[in-house]
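One structure below.
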Amino acid sequence: MRILVYTECDVVTCVALNRLLPALSGHTVAVAVLRLGPVDLSSGSPLRVSDWYEREEIPRRVLAPLEEGPGLPGGLLPFGRLARACGVRLLDLDPADPVGVDRVAAGFAPDVILSLRFGLIFREPTLSLPPLGILNTHSGALPEYPGLSAYAHTLLDGHSKLTCTLHRVDAGIDTGAVVASRSLPFDPDRSVLWHLPQLYSLGAEMFLDLLPQLALGRRPVAVPQDRARRRYHREMTPALAAVLEERGIRFVDTRDVDDLCAFFTGRSGNGTASRCR
């Protein structure tokens, strides 16, 4: 089976890919990585600070050096080394290229597409290209939390757990039928940043659960969303993010940053990832 994964270049998705790619042995796999530009911190939003650690600081501190030097025993692998170890093609996507997503899909001709924390919208002809469809990992429960920053809006509403939803992708935004969902408790002693790799690793695991039926050419059973329960959420504003921090919910914590780095420098942390051998 030909599997195409669309994702973004940050430490959150790198942890999730360490869970996903080793388990796809025997399939033909490519990963298209969207490399976003520098994070704009001018708003002062703690959400943007978290983005900066995910996309810039931790990759600079850990991922880039590991790409050049030897891997460390027991540690997760950065994007390039992971792709080589698993025999996966790694493709670059330019956010300024409006047809890059379609060109990659047409060139690879996938049977199924997995969108793993990927911020661009799929349109035709890519929507109709893979015979087994496109599946997306969404950081909130559906239909209640479609849209942006779903995990943050979940916490703002007072929930004590975070949910990752795997759903079909259609022409709408987070409107496709739900295939599966899994949740994890939110640990108030840890930051939001600490939870995100675990949340998206749940999405990777749900996709892996579907592999046997996908390999047989069967589309997974999915339940249409109840549109009456949908409340579309836009990007969380700095003011709303500040409300969460006033409640004691931190977006970033120095200890959590150090522990995320340690996933790659010698220990597997909470056990969400495995290595290719």
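The values are calculated or read from the model by the stated rules, or taken from the named source; none is laboratory data. Quantities reported herein were computed from a predicted structural model and do not represent experimental measurements. Cβ coordinates were reconstructed from backbone atoms using ideal geometry, including for glycine residues, and neighbour counts include every protein chain displayed. Accessible surface is based on the protein model in full, side chains and every heavy atom, while ligands, DNA and RNA are left aside. Shrake-Rupley method; radii C 1.70, N 1.55, O 1.52, S 1.80 Å.
Taking square-rooted eigenvalues a ≥ b ≥ c of the alpha carbon gyration tensor, is region 124-277 rounded, prolate or oblate, where a/c under 1.5 means rounded and, failing that, a/b exceeding b/c means prolate?
oblate
Quick one: dipole size for the chain, taken about the Cα centre, charges +1 on Lys/Arg Cβ and -1 on Asp/Glu Cβ, in debye to the nearest 20. Provide the component values of the computation, followed by the final result.
On the way: 30 positive and 31 negative charges, 157 e Å.
The dipole of the chain has a size of about 760 debye.
Place +1 on the Cβ of every Lys and Arg and -1 on the Cβ of every Asp and Glu in region 146-277, take the dipole about the Cα centre, and give the residue among 167, 201, 214 whose Cα lies farthest towards its positive end.
The Cα lying farthest towards the positive end belongs to 214.
Taking percent of Cα pairs over 27 Å apart straight from the coordinates, which label in [x] 36; [y] 45; [z] 31 is the correct one?
[x]
Using a 1.4 angstrom probe on the protein heavy atoms only, line up 265, 163, 7 by accessible area, largest first. Mind dumping the intermediate values first?
On the way: 265 70, 163 20, 7 0 Å².
My answer, sorted largest first, is 265, 163, 7.
Take 42, 183 and sort them by solvent-accessible surface of the protein heavy atoms, 1.4 Å probe, largest at the top.
Values: 42 100, 183 60 Å².
Output order, biggest surface exposure first: 42, 183.
Please state the charge dipole magnitude for region 94-205, taken about the Cα centre, from unit charges on C-beta atoms (+1 on K and R, -1 on D and E), reported in debye and rounded to the nearest 20. Display every interim value, and only then the final one.
On the way: 7 positive and 12 negative charges, 28 e Å.
Dipole of region 94-205, to the nearest 20 debye: 140 debye.
What length, rounded to one decimal in nm, is gained on full extension from residue 226 through to residue 67, with 0.36 nm per residue of separation minus their alpha-carbon distance? Could you put the intermediate results ahead of the total?
Values: separation 159, 0.36 × 159 = 57.24 nm, distance 4.49 nm.
Gain on stretching residue 226 to residue 67: 52.8 nm.
Once a ≥ b ≥ c are taken as the square roots of the eigenvalues of the Cα gyration tensor of region 1-144, is the result rounded (a/c under 1.5), prolate (a/b larger than b/c) or oblate (a/b not larger than b/c)? Walk me through the numbers on the way to the answer.
Working: a/c = 1.74, a/b = 1.16, b/c = 1.49.
It is oblate, given that a/c is not under 1.5 and a/b is not larger than b/c.
Would you work out the relative contact order for region 1-149, in percent, from Cα pairs under 8 angstrom that are 6 or more residues apart?
The normalised contact order for region 1-149 reaches 32 percent.
Under a crude label model (7 Å from the Cα following the beta-carbon direction), how far is residue 109 from residue 161 in nanometres?
About 4.3 nm, to one decimal.
With only Lys, Arg, Asp and Glu charged, each at its Cβ (+1 for the first two, -1 for the last two), find how big the charge dipole of region 177-241 is about the Cα centre; round to the nearest 20 debye. Mind dumping the intermediate values first?
Working: 9 positive and 6 negative charges, 85 e Å.
That gives a dipole near 400 debye.
Taking only protein heavy atoms and a 1.4 Å probe, what accessible area per residue, in Å², does the chain have with all protein chains in place?
Working: 11940 Å² over 277 residues.
So the chain comes to 43 Å² accessible per residue, rounded to a whole number.
What is the gain in length, in nm to one decimal, between residue 245 and residue 190 on full extension, counting 0.36 nm per residue of separation less the C-alpha to C-alpha distance? Before the final figure, lay out each step's value.
Numbers: separation 55, 0.36 × 55 = 19.80 nm, distance 1.24 nm.
Contour length minus the Cα-Cα distance gives 18.6 nm.
Where the accessible area of the chain is counted over protein heavy atoms with a 1.4 Å probe, how much of it, in %, is carbon and sulfur? Intermediate values should be presented prior to the final figure.
On the way: 6230 of 11940 Å².
Reported share for carbon and sulfur atoms: 52 percent.
For 233, 159, what's the largest-to-smallest order of accessible area, 1.4 Å probe?
Values: 233 25, 159 90 Å².
Descending accessible area places them as 159, 233.
Grab the beta carbon distance between residue 43 and residue 94, set R0 = 41 Å, and tell me the FRET efficiency rounded to 0.05. Working shown, then result.
On the way: r = 25 Å, r/R0 = 0.60.
Approximately 0.95, to the nearest 0.05.
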